[in-house]
Amino acid sequence: MSGGDGPIKRRRFYTVAAGAPIAKCKGPRCGKPIYFITIPGKARPLPVDCDVAGGVIPSENVDETQVGIFDEGPVQDGRGVSHFETCIDAQHFRRGIPD
């Protein structure tokens, strides 16, 4: 379906394992929390943004025995999209393109 601006692009979601360390985007204006995942066959880790519509923040814990009375909820994997789709500084990270 097209709305005049071209076809609607369906976002691809990636799974982020529970317990994945959180990082901060190094873009000069961004700084959003992201998670790096490894995709088989790819040389570089992919930054994933879980703070999007349809996304799920992964739990900090990796097993149920680590869940205590102060934890937010059950152990769960996260779900997010490539941070290159959401980063306001995505152009800053493209190779071969001058700043």
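Exposure proxy shown here: for THR15, THR38, THR86, the number of other Cβ atoms within 10 Å sets the order, fewest to most, as THR38, THR15, THR86. Once the chain from VAL62 to ALA17 is taken as fully extended at 0.36 nm per residue, the excess over their C-alpha distance is 15.4 nm.
Counting only lysines at least 8 places from LYS32 when in the same chain, those with an alpha carbon closer than 21 Å to its own are LYS24.
What number comes out for the charge environment of GLY54, summing +1 per Lys or Arg and -1 per Asp or Glu over other residues with Cβ under 9 Å away? Intermediate results must be reported in sequence, preceding the final value.
Numbers: positive: ARG11, ARG79; negative: none.
Local net charge: +2.
Neighbours of ILE37 by Cβ distance under 14 Å: Lys/Arg scored +1, Asp/Glu scored -1, total +2.
Coordinate-derived values only; no laboratory data. The structure displayed is predicted, hence computed values, not measured ones. Reconstructed Cβ throughout: ideal geometry from the backbone, glycine too, with neighbour counts over all protein chains shown.
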